There are 4 protein chains.
Amino acid sequence: MRFFSDNAAAAHPAVLSALSAANTLDTAYDGDVLSRRLGGAFSDLFGTQVRALWISTGTAANCLALASLCPPFGGVICHSEAHINVDECGAPEFFTLGAKLLLADGPGAKLTPAAVEQVAAGIRNDVHQVQPRVLSITNATEYGLVYTPDEVAALGDVAKRRGLGFHMDGARFANAVAHLGCAPAELTWRAGLDALSFGFVKNGGLSAEALIFFRPELAEETFYRRKRAGHLFSKGRYLAAQLLAMLEGDLWLDNARAANHGAALLAKAAGDRLVYPVQANEVFLRVTAEEAARLRALGFDFYDWGPGEARLVVSWDQDEAAIRPLADAIAAL
Amino acid sequence: MRFFSDNAAAAHPAVLSALSAANTLDTAYDGDVLSRRLGGAFSDLFGTQVRALWISTGTAANCLALASLCPPFGGVICHSEAHINVDECGAPEFFTLGAKLLLADGPGAKLTPAAVEQVAAGIRNDVHQVQPRVLSITNATEYGLVYTPDEVAALGDVAKRRGLGFHMDGARFANAVAHLGCAPAELTWRAGLDALSFGFVKNGGLSAEALIFFRPELAEETFYRRKRAGHLFSKGRYLAAQLLAMLEGDLWLDNARAANHGAALLAKAAGDRLVYPVQANEVFLRVTAEEAARLRALGFDFYDWGPGEARLVVSWDQDEAAIRPLADAIAAL
Amino acid sequence: MRFFSDNAAAAHPAVLSALSAANTLDTAYDGDVLSRRLGGAFSDLFGTQVRALWISTGTAANCLALASLCPPFGGVICHSEAHINVDECGAPEFFTLGAKLLLADGPGAKLTPAAVEQVAAGIRNDVHQVQPRVLSITNATEYGLVYTPDEVAALGDVAKRRGLGFHMDGARFANAVAHLGCAPAELTWRAGLDALSFGFVKNGGLSAEALIFFRPELAEETFYRRKRAGHLFSKGRYLAAQLLAMLEGDLWLDNARAANHGAALLAKAAGDRLVYPVQANEVFLRVTAEEAARLRALGFDFYDWGPGEARLVVSWDQDEAAIRPLADAIAAL
Amino acid sequence: MRFFSDNAAAAHPAVLSALSAANTLDTAYDGDVLSRRLGGAFSDLFGTQVRALWISTGTAANCLALASLCPPFGGVICHSEAHINVDECGAPEFFTLGAKLLLADGPGAKLTPAAVEQVAAGIRNDVHQVQPRVLSITNATEYGLVYTPDEVAALGDVAKRRGLGFHMDGARFANAVAHLGCAPAELTWRAGLDALSFGFVKNGGLSAEALIFFRPELAEETFYRRKRAGHLFSKGRYLAAQLLAMLEGDLWLDNARAANHGAALLAKAAGDRLVYPVQANEVFLRVTAEEAARLRALGFDFYDWGPGEARLVVSWDQDEAAIRPLADAIAAL
């Protein structure tokens, strides 16, 4: 049974159906009716005028966002354990053409205004040092912690005061919203966000993420950057179709709720073994090597997260019946 | 009726079926069984050991190939009308991080050894000028002309003699092979080719092209470049599935033959109006503005290619019945 | 006797004296009194408020200017024979991080509004093509032709109308001004120029060029780019000293006049052999290989400029006595 | 009295004399007799065949070396307080076109094999993480500590075992050699070094550093990179002249000994106030804000290095008479 990554989950049937439905003649690239519908659909969702681009991977969405906010000679303040720092093989440096990640720390890969200020304050305001230009956070974080609207807004204030662009890696944005039960607007533009990588692939999608610009003018040059990075699909309508299918009837939210719910079940079973509170669909567990082996022997697959820790990720398609055996096994350790 | 681009055609049903079939649990990224099957499948097709990577767009496939062959301070000899020069928004410069396209000329966007030599000979061998490092050709060319194996081999000889890597943009490689009736090996590695962007999207695919390395060691660093460019899909198995479906039973060749056949019908109807001989699935036609308008009034959609010329592209899914009305309309002009 | 390049000439004694005079304690980088004096000195010269940075090479000055005006995904319209295209080993692509040179043509490496418009008009306004963002000209051109203030202004109008930044490679700007007898302002900002690479090294300098921004805000990020490119000298005061020495008593203009005068003497001797009218310090001569050999046998050194042409460059330190023997030898051919 | 930076010191008279001596006709760029003499001169000094390029700044020398050793998708292991990380405004990222600095720690900005191994071991060997390709150290370090030949060799072993290129930022290499009294070979190629940025500017030079390649083949593409970065001077002979003047009669070593000697005098006066042992020409002192103010009131100029610390740097031209007043003032605090 698979708990090693939500990337390994299947696509939701509605997404596949949408591909079939899109399989009719249309204009190439993003001139089709589906692609052109995205701006409106996401503007409705966020309650403000946004620009929405389909992007095929989260890495590309993150890094196109960063490139739109950060010049090659600038810096991006982010957590040292942020996906953009440790799991994208230098994609931010590639897309921005040489910007520098300026690393902050804090438990659970979560940033605070104080942590951001500390990094910024440590940089001399002269030409010998890379000056910060962007603040990037991940919500939910790489450890499944969720920033509340107030926490995002507090960081947005820092960004504004320091003249930084503000980006959110929302690979699990849906899980954060599902956890909080808030309006997407509260967690984004109302909190000062400029750009959001809105993830769908981990949440039942197939090959389409959305890059949302709350400052629409940022989209203009991103269209060129997207093409230039080989991310403008000639049959882009199939990407748009996926996103529209996920928005339809709030499928994205349903999927995230299901995954969060499974993780909550595991959390309950885990009790004191939890490394972090479980707020999204990831569970970090303290286990000995022997215990980990025991779980694996029972057929559970997961990621060893450093010595003595295991990462379990619940996907949209794992219902209680799928979760129960692992929950029981954890409780029985 | 659509003749403006093969990008606008639908995906073949077998491709969509393959997506559904792939929609089961598997490893993330390219560790899945389908992705791992690609090397073998393409090695069989080419009759030699190759490395095959799925890439989601032709632009990315082309430019990852160029980046593997050309250092940032090098140059790529290509035709001035090559797709990489005029239709990829500087993607080659982005992926190679600043290499320079060194432009050669020739009718129908087709290069000859003499044209390549002329460019190379015009470059002083000193540090003030960008030195050529790669030769890149498109087969079939942007005007639908096909290089024969002998023609490719002659260019391969130039490349070898001058120490240049040799790349083929094969967005319509299938159409070239279908036209020639030769083995894929003849047109590629036996003719000295190092890397091929093997296009499927224009030929009934959805979102997967293959990047084929005939010098397998070139693939090693390309895996990093692919990730870094945001082109490593977390659900890469769906891309692999598409390619395998296209190879299955030579679907790629059937589709290309169908498109070429349709173009041949149009060519016959066009007679003296042809700007170039029709060898693949593109037809360039001499028409007055008035004639073009007349065709459009009849419901035919196509691309104006400079003053007095129209480009008609036939897709894999257009059978004789779909072609006949346009052929008749052209004959009746 | 040396006529192959003004780069090979000695530095003017005043420049060396200035180095010695600067050889006293001062602040590092560009915080010294000499560096801080540059803005005022050049503002006086141009009759408007400018920002002036010392830069050690013309290539760096040109390319920092281009980088300040052109995003990585943009294009620079320039002549196909411009120094930035053929003699800087891709430095524009490196400094701009991948911008594309969009090449125009015209005799003597001189651009006209029509030539610029032709390039611009040939670019589709869509994301598939690199959009022009900058116009760059060389004055005097690589063939020693001089743009008049009116000619520059006409190009400035095109730039303005099309929203392009406007840069002048002034490696031989001094020779152009000396030829025209105009105010530097007429040839630059009054004609719409945004940035000028003002060359001194070919004109009796040693290792300092000036990068002049007529839109001072462009200088701000260039300070970072300069540092990042390794062009911020820790002992920058020695570069500032050179520039101030060249401005002192209009030494730059005297030197350029001397070189132009020598070239005029050669031109007179050359008569019908001239390929271009001689307006600056370069003389392009029609000579057979045998004639070239004869001149060399007499001890004259120069550059073969393609078959049947020789390039003779006069330097600031060659007076009539130094020129006369070559003039006589040419006349006697 | 100036103790804030050795960058602020004057150039040695022999360097200025060399400029005057070089001020005669010669070939442009690096084709002159002086530039061509560098390889031999440095090969003699290092007792092995090296390639030596003049480079005008330490930042450029460092970053050209890194670019020759590290692909754009690779990583450079260095100390978190290394000059390349904190004081070059992202120049490594610019020259390498996006490589990532992988930061290790240790007191006094000095790396140990264990610290390097820890960084390397923390990187998963997969495409999601930037793989280390280079190890870069600074000798003497940014805090004036000196690696011995054995220490360098131990790091060289790590580099070799892990397949890393090995670079030394030798902005104060002369001070390290002067301190150790060893042969330059011991501290470099015999210890496994591939490339050395050999600093002269802080040591009585004016505008020339040497980039030394112990693997000569690395120089080949660096010639292109140097030109492309605008660092090929048209009058390069003046840079070569500076380096040759510094090598002549071991002037570089005399200058470094003088500076080290002055620092030793200050160290003796400082006693327990020393933050680090003084091995080169830098002295880090514990002082209260009030004490620092008192020293400044006496006319001593220096750098505040974080709270409670002052950095004093002695230059080649400060003899005992110049040092004594500060030594006395420190002793009297």
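Summary table
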item	result
Long-range amide H partners of B:Tyr147 with built H, under 5 Å	B:Thr141
Inter-chain Cβ neighbour average for residues D:237-248, partner chain, 10 Å	1
Long pairs among A:Lys160/C:Lys227; B:Lys160/D:Lys227; D:Lys160/D:Lys202; A:Lys100/D:Lys100; A:Lys110/B:Lys235; A:Lys110/A:Lys268, criterion Cα-Cα beyond 19 Å	A:Lys160/C:Lys227; B:Lys160/D:Lys227; D:Lys160/D:Lys202; A:Lys110/B:Lys235; A:Lys110/A:Lys268
Normalised contact order of chain D, rounded percent, pairs of Cα under 8 Å and 6 or more residues apart	24 percent
Using a 7 Å Cα-to-Cβ projection, D:Arg294 label spacings across copies, nm, ascending	6.6, 8.5, 10.2
Across the identical copies, how the A:Ala322 labels are spaced - nm, sorted shortest first, 7 Å along Cα→Cβ	3.7, 7.4, 8.3
Surface per residue (accessible, 1.4 Å probe) for chain A, Å²	32 Å²
Stokes-Einstein D for the range C:254-306, Kirkwood Rh over Cα pairs, 4 °C, 1.567 mPa s (µm²/s)	110 µm²/s
DSSP beta bridge pairing in the protein assembly as shown, given as percent antiparallel to the nearest 5	45 percent
Square roots of five times the Cα gyration tensor eigenvalues for the range D:46-125, Å	22, 16, 14
Amide H within-cut-off set for C:Ala82, under 5 Å, with H built and near neighbours excluded	none
Charge context of A:His79, other residues only, Cβ under 9 angstrom, K/R +1, D/E -1	-2
Directionally averaged projected area (convex hull, Cα atoms, chain D), nm²	16.5 nm²
Solvent-accessible area lost in complex, 20 Å² minimum, residues of the range A:40-62 relative to chain alone, 1.4 Å	A:Thr57, A:Thr59
Within chain A, helix-based [θ] at 222 nm, where runs of 4 or more DSSP H residues each add -39,500 (n - 2.57), nearest 500	-13000 deg cm²/dmol
Fraction in percent of alpha-carbon pairs per bin - 5 Å, the range B:196-320	2, 10, 15, 17, 14, 11, 11, 10, 7, 3, 1
Rg/Rg_ref, the range C:27-73, where Rg_ref = 2.2 N^0.38 Å and atoms are Cα	1.35
HN-Hα J in Hz across the range C:62-77 - Karplus 6.51, -1.76, 1.60, θ = phi - 60°, x for Gly and Pro	4, 7, 5, 4, 4, 5, 6, 9, 10, x, x, 9, x, x, 10, 7
In Å, descending, principal axis extents of the Cα set of the range A:71-205	44, 30, 25
Distance histogram for the range C:171-238 (every C-alpha pair counted, 5 angstrom bins, percent rounded to whole numbers)	4, 14, 20, 24, 19, 13, 6, 1
Other copies of A:His261: label-to-label distances in nm, shortest first, labels 7 Å along the beta-carbon direction	5.2, 8.3, 9.4
Built amide H within the under 5 Å cut-off of B:Arg133, gap 5+	B:Gly75, B:Val76, B:Ile77
Taking all pairs of distinct alpha-carbon atoms in the range D:228-273, Kirkwood radius in angstrom	13.4 Å
Extension gain, A:Lys160 back to A:Ala14 (0.36 nm per residue minus Cα-Cα distance, nm)	48.6 nm
Peptide B:82-90 - average C-beta neighbours from other chains (10 Å radius)	6
The protein assembly as shown - percent of accessible surface contributed by carbon and sulfur, probe 1.4 Å	53 percent
Positions from the range D:1-32 whose accessible area shrinks by 30 Å² or more when the full protein complex is built, not the chain alone, probe 1.4 Å	D:Arg2, D:Phe4, D:Asn7, D:Ala8, D:Ala10, D:Leu16, D:Leu19, D:Asn23, D:Leu25, D:Ala28, D:Tyr29
Whole-Hz ³J(HN,Hα) from phi, Karplus 6.51 cos²θ - 1.76 cosθ + 1.60, for the range B:141-146, glycine and proline x	5, 4, 10, x, 8, 10
Phi-based couplings in Hz for the range A:95-100 (Karplus 6.51, -1.76, 1.60; Gly and Pro marked x)	5, 7, 6, x, 5, 10
Test item: A:210-222 mean partner chain Cβ contacts at 10 Å	1
Volume per residue of the C-alpha convex hull in the range D:127-172, rounded to whole Å³	78 Å³
Largest-first principal axis extents, alpha carbons of the range A:140-215, Å	38, 22, 22
Reciprocal of mean inverse Cα separation for the range D:1-134 (Kirkwood radius, Å)	18.0 Å
Accessible area buried, both sides summed, chains D and A with 1.4 Å probe, Å²	1400 Å²
For the range D:271-333 and the range B:114-180, distance of Cα centres in Å	65 Å
Viscosity 1.567 mPa s, temperature 4 °C, Stokes-Einstein D of the range D:108-147 from Kirkwood C-alpha radius, µm²/s	112 µm²/s
Neighbourhood charge, 13 Å Cβ-Cβ cut-off, centred on D:Asn175 and excluding it, Lys, Arg +1 and Asp, Glu -1	-2
Globularity ratio of the protein assembly as shown, using Cα Rg and 2.2 N^0.38 Å	0.96
Cα lying deepest toward the dipole's positive end in the range D:190-286, options D:Ser234, D:Ala256, D:Phe213, charges on Cβ	D:Ser234
Inter-label distance, nm, simple model (7 Å from Cα along the C-beta direction), B:His261/C:Asp150	6.7 nm
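The values are calculated or read from the model by the stated rules, or taken from the named source; none is laboratory data. Note that the structure is predicted; figures quoted are calculated from it, not measured. Please note: Cβ atoms are built from the backbone with ideal geometry, for glycine as well, and neighbour counts cover all protein chains shown. Please note that ligands, DNA and RNA were not included when accessible areas were found on the heavy atoms of the full protein model with its side chains. Shrake-Rupley method; radii C 1.70, N 1.55, O 1.52, S 1.80 Å.
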